[in-house]
Amino acid sequence: MPQIDPFSDRTRSFDSPCTRHFPITPQDDVDLAIRPRVLKVLSEGTVSIRDAAGTVLSYPVTAGELLQFSAVGVEATGTTATVVGWL
């Protein structure tokens, strides 16, 4: 049976639900190939994220948490949590 998407005729906006996800492998000073709208935390720890200005900050996170942040990069140094990107 074909999938029915009752919202296919609607324009997506920034407050719309995400529809794609992808794994993130933390790497120092490497931009993510796809810039996520949101980071989803899969395992507890710390995540070090880099913004568009190159600033890196580390955050303690818990499994299941959503970081409403469009990271340019996730740094290996300082990251112990597992995160995925949502679009």
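The values are calculated or read from the model by the stated rules, or taken from the named source; none is laboratory data. From a predicted model like this one, the values you see are computed outputs, not experimental measurements. Note that we place each Cβ from the backbone using ideal geometry, even for glycine, and neighbour counts take in every protein chain shown. The protein model used for the area step is the full one, side chains on, heavy atoms only, and it has no ligands, DNA or RNA in it. Shrake-Rupley method; radii C 1.70, N 1.55, O 1.52, S 1.80 Å.
Considering only region 66-75, I want to know if a residue exists there that is open to solvent by less than 60 Å² (accessible area, probe 1.4 Å), of a type in the set (D, E), under 14 Å from the mean Cα position of the chain (by Cα) and under 21 Å from C18 (Cα atoms). Before you say what the answer is, go through the steps one by one.
Taking region 66-75 first, the residues open to solvent by less than 60 Å² (accessible area, probe 1.4 Å) are 67, 70-75.
This time we only want the ones that are of a type in the set (D, E), so: 75.
Now drop any that are not under 14 Å from the mean Cα position of the chain (by Cα), which leaves 75.
From what is left, the residues that are under 21 Å from C18 (Cα atoms) are none.
Among the residues of region 66-75, not one is open to solvent by less than 60 Å² (accessible area, probe 1.4 Å), of a type in the set (D, E), under 14 Å from the mean Cα position of the chain (by Cα) and under 21 Å from C18 (Cα atoms), which makes the answer no.
Scanning region 46-57 for residues being on the phi < 0 side of the Ramachandran plot and open to solvent by less than 70 Å² (accessible area, probe 1.4 Å) gives a total of 8.
If I filter region 6-15 for residues that are outside any loop (DSSP other than H, G, I, E, B) and either open to solvent by 40 Å² or more (accessible area, probe 1.4 Å) or without any contact (Cβ under 8 Å) to a residue 60 or more places away in the chain (or both), do I get at least one hit?
Step one: of region 6-15, the residues outside any loop (DSSP other than H, G, I, E, B) are none.
Taking every residue of region 6-15 in turn, none turns out to be outside any loop (DSSP other than H, G, I, E, B) and either open to solvent by 40 Å² or more (accessible area, probe 1.4 Å) or without any contact (Cβ under 8 Å) to a residue 60 or more places away in the chain (or both).
Within the set of pairs 6+ apart or on separate chains, which have a first residue in region 23-45 that is open to solvent by 90 Å² or more (accessible area, probe 1.4 Å), a second that is assigned to a loop (DSSP other than H, G, I, E, B) and among the aliphatic types (A, V, I, L, M), and C-beta atoms under 7 Å apart? Here the result reads Q27/A76; D31/V72; R35/V72; L42/A63; E44/A63; E44/A81, each pair linking region 23-45 to a residue that is assigned to a loop (DSSP other than H, G, I, E, B) and among the aliphatic types (A, V, I, L, M).
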